[in-house]
Amino acid sequence: MQRRALVSLAALAALGVAGCATTVADPQAVLRQSDLAMGASQLKTLRYAANGTGGTYGQAFLPGQAWPRINVPTFARWIDYDNAAMREDSVRVRAEPTGGGALPLMGTGEQRVSAWVRGEQAWNMAGTTPQAAPVALDGRIHDLWTTPHGVIKAAMRNNATVRSEGGLSVVSFTQPGRYRATAYIGADGLVQRVDSVVPNPVTGDTPVSTVYSGWRDWGGVKFPTRIQQSQGGFPVYDLTVTEVQANPALDMPVPAPITAFAEKVDAQQVVPGVWFFGGGSHNSVLVEFADHLMLIESPLYDGRAQAVLAEARRLVPNKPVRYVLNSHHHFDHAGGLRTAAATGATLVVSEPARPWFEQVFATPNSIRPDMLQQSGRRPTLMPVNGSRTFTDGTRTVDVHFIEGSVHAQGFMMAWLPRERLLVEADAFTPGAPNTPPPSPPNANNVNLVQNVEKLGWNPDRILPLHGRVVPYSDLRVAVGR
Ligand SMILES: [Zn+2]
């Protein structure tokens with residue numbers, strides 16, 4: 001269905017190129033007509049509910065593969081256009097066994113997400129606790145202003161250009177520093193599709209396509225019944241709209257802890273020359289060698305990466321971070337690699353992910369140029385194919401694939417044999433102290449134990465890239481040993 005829509009629009013575009021594309025002299029007139037048809041200016045707030053299917057963006061099992069398929073049994077958005085605020089609640093369930101994301105493994109439960117944005121702040125609600133989500137800010141601003149009514153409002157204030165093409169009005173504009181958008185508007189004034197580009201910490205300028213179809217009147221407001229969105233080339237949503245409410249009373253203030261948020265790195269010395277960097281949702285580990293440093297994981301986005309690299313410089317000012325090890329290609333774990341590369345560090349990545357990383361790091365981040373873009377550097381990638389040892393006599397770090405995991409291909413862990421420290425991401429995240437072990441055991445935990453045992457390692461402690469440092473016996477307990 002999505003493909004057919006793509007083809008027909010491409011055909012229309014081709015027709016346009018062939019002879020009937022014309023620049024429209026009065027863009028505001030086109031926008032006013034669309035505004036009138038959709039009632040955009042009259043719409044101050046909106047709530048809609050939907051359900052359908054989707055994909056877990058940035059969490060492919062294989063780099064470059066489609067996002068893992070999910071079912072979305074419930075989905076709702078509350079939008080306050082005047083205050084640039086949006087809340088999106090969804091329930092997400094895996095529809096295929098492999099790939100990453102914070103969803104429970106297939107057949108073991110659902111994930112509930114409550115994602116918020118207002119102005120320049122993005123956060124998630126975990127129950128009643130707000131958690132800052134700065135990495136999500138660009139995406140949420142983009143999602144708010146590429147809604148059918150939002151894109152018309154945004155076009156009207158962003159100096160849009162309009163051309164006529166194959167019977168459609170094609171409206172293009174840029175929200176400086178945030179996103180670019182092109183909306184395709186039918187003769188009836190309704191938005192049929194938005195093609196947009198949003199900055200991403202891993203993939204740079206990233207294409208998004210959103211198709212709105214089955215428009216109808218929902219008690220005074222026009223809204224589509226079907227929304228299909230792809231991001232980075234693969235589906236993220238195919239939703240059937242079930243409820244639309246125009247101008248509900250909404251109050252979505254930024255919670256006080258979010259207003260005060262700043263990235264912080266809590267460095268904890270594990271043994272001399274090895275530090276565990278906590279203080280956020282994703283950890284890093286700093287390892288000191290004789291004349292350089294290795295950083296294990298540069299996650300999330302440039303803001304986190306800069307804080308982590310600054311802490312490394314503060315702790316060991318006379319040694320450069322020469323290597324940055326990436327546990328796996330999932331966007332949350334790879335989001336600070338571009339920043340690390342901008343400082344001249346060599347990125348240590350799995351061989352299955354290397355070609356894909358080369359491709360995405362060559363993509364510019366032009367909408368809001370990041371440190372890599374500004375540095376003009378090309379990242380240096382050092383591949384790991386199965387295993388690789390880093391040693392200089394004073395320190396040894398063994399990097400090894402976690403074989404047979406459903407989480408990611410080219411999934412890597414690190415082992416410091418002398419200190420008996422295991423560093424891993426996503427294969428085991430310690431629960432809160434004194435929580436009972438999962439029953440049945442988590443397949444990723446079991447797989448990690450099998451890999452450690454096969455290699456004959458005997459860890460003292462685990463330095464997980466989510467959660468806190470724990471004795472290795474916590475993992476053994478978690479798998480029922
Ligand atoms: Zn992952």
**Message:** If I filter the range 435-452 for residues that are under 16 Å from S405 (Cβ atoms) and of a type in the set (G, A, S), do I get at least one hit?
**Reply:** yes
**Prompt:** For the range 1-58, which residues satisfy the criterion of being under 30 Å from T98 (Cα atoms), modelled with pLDDT under 70 and either among the small types (G, A, S) or outside any helix (DSSP H, G or I) (or both)?
**Reply:** M1, A5
**Evaluation of P364 against (1) within 25 Å of F428 (Cα to Cα); (2) out of contact with any Ser or Thr (no Cβ under 7 Å at 6 or more places or on another chain); (3) not in a helix (DSSP H, G or I) (one fails), failing number** = (1)
**Prompt:** Considering the range 336-347 alone, what residues qualify as being under 17 Å from G410 (Cα atoms) and surrounded by fewer than 24 Cβ atoms within 10 Å (Cβ to Cβ)?
**Reply:** L347
**Message:** Any residue in the range 326-339 that is in contact (Cβ under 8 Å) with a residue 40 or more places away in the chain sitting within a Cβ distance under 6 Å of a residue that is among the hydroxyl-bearing types (S, T, Y) and within 8 Å of the ligand (Cβ to nearest atom)? List the pairs, counting only those 6 or more apart or interchain.
**Reply:** H333/S327
**Request:** Identify all residues within the range 305-349 that are closer than 22 Å to G139 by Cβ, within 16 Å of the ligand (Cβ to nearest atom) and among the polar types (S, T, N, Q); write none if there are none.
**Result:** N326
**Request:** Output the residues belonging to the range 434-479 that are exposed (fewer than 14 other Cβ atoms within 10 Å of the Cβ) and under 19 Å from G109 (Cβ atoms).
**Result:** T435, P436, S439, P440
**Message:** For the range 330-361, which positions are touching a Leu at 6+ places or on another chain (Cβ under 6 Å) and more than 28 Å from A427 (Cβ to Cβ)?
**Reply:** A342
**Complete:** Within the range 219-233, the count of residues that are over 30 Å from F361 (Cβ atoms), modelled with pLDDT of 95 or more and either touching a Ser or Thr at 6+ places or on another chain (Cβ under 9 Å) or not in a strand (DSSP E or B) (or both) comes to 4
**Message:** Would you confirm, using the coordinates I've provided, whether G376 is among the small types (G, A, S), surrounded by fewer than 20 Cβ atoms within 10 Å (Cβ to Cβ) and either touching a residue at least 40 places away in the same chain (Cβ under 8 Å) or within 16 Å of the ligand (Cβ to nearest atom) (or both)?
**Reply:** no
**Prompt:** Do we have G107 as surrounded by fewer than 20 Cβ atoms within 10 Å (Cβ to Cβ), among the small types (G, A, S) and more than 15 Å from the chain's Cα centre (by Cα) here?
**Reply:** yes
**Message:** Pairs needed: first member in the range 55-67, within 14 Å of the ligand (Cβ to nearest atom); second member anywhere, of a type in the set (V, I, T) and part of a loop (DSSP other than H, G, I, E, B); C-beta distance under 6 Å; at least 6 residues apart or different chains.
**Reply:** F61/T98; W67/T56
**Failed item, numbered, when V162 is tested on (1) touching a His at 6+ places or on another chain (Cβ under 9 Å); (2) part of a strand (DSSP E or B)** = (1)
**Request:** Tell me the strands (runs of 3 or more DSSP E) entirely within the range 382-426 that contain at least 2 residues that are more than 16 Å from the ligand (Cβ to nearest atom) and touching a Lys or Arg at 6+ places or on another chain (Cβ under 9 Å).
**Result:** 396-401, 421-424
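The values are calculated or read from the model by the stated rules, or taken from the named source; none is laboratory data. It should be emphasised that the depicted structure is a prediction, and the values quoted were computed from it without experimental measurement. Note that we place each Cβ from the backbone using ideal geometry, even for glycine, and neighbour counts take in every protein chain shown.
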